Amino acid sequence: MDPGGPSPLMHFVVAKKTINGIFDQLLEYVKEGSEFVDETWRSADLEQVAVEEQCLEIQTCARKLATIREVLARRHMKVAFFGRTSNGKSTVINAMLRDRVLPSGIGHTTNCFLRVEGTDGDDAYLTTEGSDDRKSLKSVNQLAHALHMERSLDSGCLVKVFWPKSRCALLRDDLVIMDSPGTDVTSYLDSWIDKFCLDADVFVLVGNAESTLMNTEKLFFHKVSERISKPNIFILHNRWDASAWEPDYIDEVRKQHMDRCVSFLVEELRVVRQEEAPDRIFFVSAKEVLSSRMHCAQGMPETGGALAEGFHERLREFQRFERTFEEFISHSAVKTKFEQHTLRAWQITEAIKAVMDAINIASAERKIFSLEDREDQKDRLEFVRGQLNRLTENVKEKINTITDEVAAKVTVALVEQIRGLPAQVDEFSADFTPHALPLYKAKLMMHVEERMSTCLAFRCSSGIIGHMQSCQKNMIENIRPLLPPDVQEQFHIHLPSRKFVLTYDLNLATLCADFQENIDFQFSLGWTALVSRFIGPSDAKRALTAMNQKFQVSHGGHQYHMPLNSLQNTCPTALQAHGGTSLQDHMVFSMATGVVSLTSRASMTVLVIGGVVWRSVGWRLIALSATLYGLLYLYEKLTWTNASREKALKQQFVELAIHRLRAIIPFTSGSCSQQVHQELATTFARLCQRVDLSEVELEGHIRLLSGRIQRLENVQRRSKTLRHRATDLESQLEAFSAQYLQNQC
Ligand SMILES: Nc1nc2c(ncn2[C@@H]2O[C@H](COP(=O)(O)OP(=O)(O)OP(=O)(O)O)[C@@H](O)[C@H]2O)c(=O)[nH]1
Ligand SMILES: [Mg+2]
């Protein structure tokens, strides 16, 4: 090997570092990808964007990659030396290692397989098969002794020799060298191949320059090429220094060896082409090379020993062999050791890419569905809100219409009831005794109230309630489409939830609490009756009351003007019923009081007028009139019984009740329409509440969908990123393949 130039073995070392680096990234990547797929698969709300099979697939990829990574870390170049015993296999290895690492000597020296590899430590050691015990080695003699002492070792056993890299440059670059016992001393060639040769990158057949290739050597390589497709074989014709003693035949012998070896490689084994074969065949002297290199290492001249003619030529040939071998093994090992794994890594990235693509597509599809769903939900929400607003307006109008109708209906019914009030009062019969009048009046009022309420209910309630129910039904039918389908089904069950009863609340007892009957005897031609007949009963009463007061006041010697509001206080509801005292009423009232006042002042003149009448009609007519007047008075006085009193009371009550009831017509009808309004508004509010609830549900659903869309976008983004990373890694694999695997060797 030319110590000046970089070792061709570095090609393998750099390639191994590169592929290991790529696999490290791959492992990291697959781990990340596996976590992502697992996480995505377990996200229930993403609806199986990733499936379990993908998780398992990617986990399997991760496991395979981890195994390959471990294998790659242990990968090295392996060269195995074979040949007949004493051909100099161990000497060739020592010459390459530039030290006496392996024992060599005349006769059958190597009795088992010796695998030489570098160790980072300073001390050499060996391990035997089936044991990890390190046996220290100080010198080659010690190794020979150790091998000799180990009686259990046979030709099929393996001893590993760990030689410090610091002492041997060749072992620094992941090269493992396998020495073997002579192929002629064993009959276990098959088991050797299976055990030691299948992972060898290069086979070196060490021949003997003095003799041609033997059948045992050929047989071994035939068996190797049966097991391994196109094994890489170098043939060294060792001990070529012996030819120096026969210079006349050297070229002829060389040609003879060359032809036979080329024929063996090309025609028998068919492992190389004709033109490549000569480059695999070398004529060397390992013993000379080793000796000269050891001299150099000890600072002595390289030709220090007794060297035969043509040494430098043989040394160059050996160096050429080393260079060719190193270039060849590094390129070949890169191909055999890394090609399959590169391909496998490529397949894994392709598989992961497929998974990422599938996840990307699935999440894109789900996203589209979710977006459409969200749009639908938003439209629905908008529709529900718009419809509810419109419906609210309609319902308000409808309720107002119904309540107006109710008010009108109740008003009409009440007016009719008031009209029939005298008959209802007449119907009433109870024990009438002047001493128990309060009880009689209470019963009378109760009777009237009951009858009126019953009649009103009969006339109005069923119609109003029917109307209301149809309105409620209408509301439900309008609200139903605004609710979720599952709620729509059972919606009618919930509303309306209670039975509505319309109350009229006439409250007659309170209304007529101030009813004061006048059942004292009153002569029909008496002064009061005449005044009443002349100006009407109520004005007469007021006029007479005023006259009495004036009379009393004037008796006290004081002037007193009765205020108008005192009258209003006595009968506020009556006044209200009349819509306040009209101007006309006041005029009649003033006239009446004026007449009465005038009459009282002229009472003294009555006698004068009587005298005039006396003189004009005569006393008989006056006496007759007075008698008739007296008889009439007597008759009326005698017929003034309890029945007459009851009748008078009923009549007075009817008058008052009619007055008061008329006054409360607007209130009662308003109260009824208020009840209806209340009931319908409550129903609609409850319906609206349900719609509000469904709006809240819709909003929640929209939020949920937005969250899902966000997560799906993240999944999409991550799957794309991971896919790009897979592509990056593939590019690295491609670059590795282009640099190290294609067009090599
Ligand atoms: N003259 C000469 N002798 C050599 C050369 N190479 C090896 N020898 C000698 O040949 C003998 C056998 O060498 P080894 O290296 O032990 O041979 P081997 O093939 O390992 O033999 P086994 O281990 O018994 O199979 C030793 O005495 C070496 O010194 C060479 O190039 N020229
Ligand atoms: Mg040997």
Original post:
Over segment 607-745, how many percent of alpha carbon pairs lie in each 5 Å bin up to the one with the longest distance?
Top reply: 2, 6, 5, 5, 4, 5, 4, 5, 5, 4, 4, 3, 4, 3, 3, 3, 3, 3, 3, 3, 3, 2, 2, 2, 2, 2, 2, 2, 1, 1, 1, 1, 1, 1, 0, 0
**OP:** Would you mind calculating the relative contact order of segment 238-295 from Cα pairs under 8 angstrom and at least 6 residues apart, reporting the percent as a whole number?
**Re:** 47 percent
Subject >> Projected label distance in nm at residue 713 and residue 259, using a 7 Å step from Cα toward the beta-carbon >> reply: 8.2 nm
Original post:
In nm, what is the difference between 0.36 nm times the number of residues separating residue 14 and residue 300 and their Cα-Cα distance?
Top reply: 99.5 nm
Subject >> residue 450 versus residue 423: modelled label distance in nm, points set 7 Å from Cα along the beta carbon direction >> reply: 2.0 nm
**OP:** Determine, from the Cβ-Cβ distance of residue 655 and residue 437 and an R0 of 30 Å, the FRET efficiency 1/(1 + (r/R0)^6), rounded to the nearest 0.05.
**Re:** 0.95
Original post:
Given just the C-alpha atoms of segment 23-145, how large is their convex hull per residue in cubic angstrom?
Top reply: 167 Å³
Original post:
Under a straight-distance cross-link criterion of Cα-Cα below 27 Å, which lysines are reachable from residue 473, leaving out those fewer than 8 residues away in the same chain?
Top reply: 396, 398, 409, 499
Subject >> Added length on full extension, which subtracts the Cα-Cα distance from 0.36 nm per residue, residue 108 to residue 408 >> reply: 94.5 nm
Subject >> Full-extension gain in nm, residue 622 to residue 638, via 0.36 nm per residue minus C-alpha separation >> reply: 3.3 nm
Original post:
If we restrict to alpha carbons, what Rg and Dmax does segment 376-449 come to, in Å?
Top reply: 25.6, 81
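Among 620-630, 678-688, how do they line up by average Cβ neighbours within 10 Å per residue, starting with the highest?
On the way: 620-630: 10.7, 678-688: 18.4.
Packing order, densest peptide first, comes out as 678-688, 620-630.
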Subject >> residue 274/residue 191 FRET efficiency (R0 41 Å; Cβ-Cβ; nearest 0.05) >> reply: 0.80
Original post:
Mind listing the phi-derived Karplus ³J(HN,Hα) values for segment 511-520, rounded to whole Hz, using 6.51, -1.76 and 1.60 with θ = phi - 60°, and x for any glycine or proline?
Top reply: 4, 10, 4, 8, 5, 10, 6, 10, 10, 6
Subject >> Reachable lysines, given that their alpha-carbon falls under 18 Å from the alpha-carbon of residue 367 and they are not under 8 places away in the same chain >> reply: 378, 720
**OP:** Whenever you get a sec, line up 371, 219, 97 from highest to lowest accessible area (probe 1.4 Å, protein heavy atoms).
**Re:** 219, 371, 97
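What does the net charge come to around residue 245 if you take all other residues with beta carbon closer than 13 Å to its beta carbon, with K and R at +1 and D and E at -1?
It works out to a net charge of -4.
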Original post:
Relative to the Cα centre, what is the charge dipole magnitude of segment 179-270, using +1 at the beta carbon of each Lys and Arg, -1 at the beta carbon of each Asp and Glu, and rounding to the nearest 20 debye?
Top reply: 300 debye
**OP:** Could you work out how far apart the two model spin labels at residue 518 and residue 674 are, taking each label as a point 7 Å from the Cα in the direction of the beta carbon, and quote it in nm?
**Re:** 3.5 nm
Subject >> Per-pair calculated FRET efficiency, R0 = 35 Å: residue 35 and residue 480 via Cβ, rounded to 0.05 >> reply: 0.10
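Using per-residue counts of other Cβ atoms within 10 Å, averaged over each peptide, order 453-461, 109-117 from highest down.
Descending mean neighbour count gives 109-117, 453-461.
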Subject >> Filter on 230/335; 160/223; 135/165; 64/230; 160/335; 78/335 - keep pairs with C-alpha separation over 23 Å >> reply: 160/223; 64/230; 160/335
Original post:
At a 1.4 Å probe radius, carbon and sulfur cover how many percent of the accessible area of segment 55-135?
Top reply: 44 percent
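The values are calculated or read from the model by the stated rules, or taken from the named source; none is laboratory data. Computed from a predicted model, the values in this text were never measured in an experiment. With ideal geometry, Cβ positions are generated from the backbone for all residues, glycine too; neighbour counts draw on all protein chains shown. SASA here: full protein model, heavy atoms, side chains in, ligands and nucleic acids out. Shrake-Rupley method; radii C 1.70, N 1.55, O 1.52, S 1.80 Å.
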